[in-house]
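First comes the structure, then the notes that go with it.
The values are calculated or read from the model by the stated rules, or taken from the named source; none is laboratory data. These numbers were taken from a predicted model, which means no experiment stands behind them. Here the Cβ is made from the backbone with ideal geometry for all residues, glycine too, and neighbour counts use every protein chain on show.
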Amino acid sequence: MLKLNSTCQKSVMMIVFLSFCLTPAYAQFTADMIQTQDGETSTIKLYVENPFYCFEQEEDGEHIFVIVNQEEKVTRVLRPSLKMYIEMESQGIMSMANDVFQSIDNMKETYDAALVGIETINGYEC
C-alpha cells in the first residue's frame, strides 16, 4: 500500500469522499437494500456507476462507505469518523464477507450452477 504524509493523505481521502458523496446524483442505478438480522432492520444505500459501485451504511451510529472498482478488483472502505480508509483486493476473504456481489462472482467462478426449479416470490417468477 502507498504511504502518504498526513496532509497528503487527508487531501486524498477528502477528494475520494467528496467524489463519492456526489456520486448518488449521477449514478446509473440506485437502490435501498433492506436487511433484517436478529430482529433489527437496517437500510443500505447502493449506487452503481460502472465500473464502480458504492454501499453507504451505518453501523453503531457510524457512517461507512464501501467503494468497489470492478475493473481494478479493488475494494475501499471509508470510515470518515475515524479519518481512515482500508484498501483490499475484492476477491479477498474480508471483502467477500461484506460484499454479496463479490461473493456471488466468486461462487460463479468456483462452482457449477444448475436450474432446480421455478417459483414465484412476491409476484415475481424466479
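Points worth noting:
- Count of region 79-119 residues which are among the small types (Gly, Ala, Ser) and either surrounded by 14 or more Cβ atoms within 10 Å (Cβ to Cβ) or closer than 23 Å to Glu59 by Cβ (or both): 6
- Residue pairs whose Cβ atoms lie under 8 Å apart, separated by 6 or more positions or on different chains, with the first residue in region 106-126 and modelled with pLDDT of 90 or more and the second of a type in the set (A, V, I, L, M, F, W, C), are Ile118/Cys126; Glu119/Cys126; Thr120/Cys126.
- Count of region 56-94 residues which are within 21 Å of Met107 (Cα to Cα) and either part of a strand (DSSP E or B) or in contact (Cβ under 8 Å) with a residue 24 or more places away in the chain (or both): 8
- Every residue from region 95-126 that is of a type in the set (D, E, K, R) and either within 17 Å of the chain's Cα centre (by Cα) or not in a loop (DSSP other than H, G, I, E, B) (or both): Asp99, Asp105, Lys108, Glu109, Glu125
- Any hit, region 105-112, residues being touching a helix residue (DSSP H, G or I) at 6+ places or on another chain (Cβ under 8 Å), more than 18 Å from Ser42 (Cβ to Cβ) and among the aromatic types (Phe, Trp, Tyr): no
- Residues of region 53-78 classified as buried (at least 17 other Cβ atoms within 10 Å of the Cβ) and either polar (S, T, N, Q) or in contact with a Gly (Cβ under 9 Å, 6 or more places away or on another chain) (or both), total: 2
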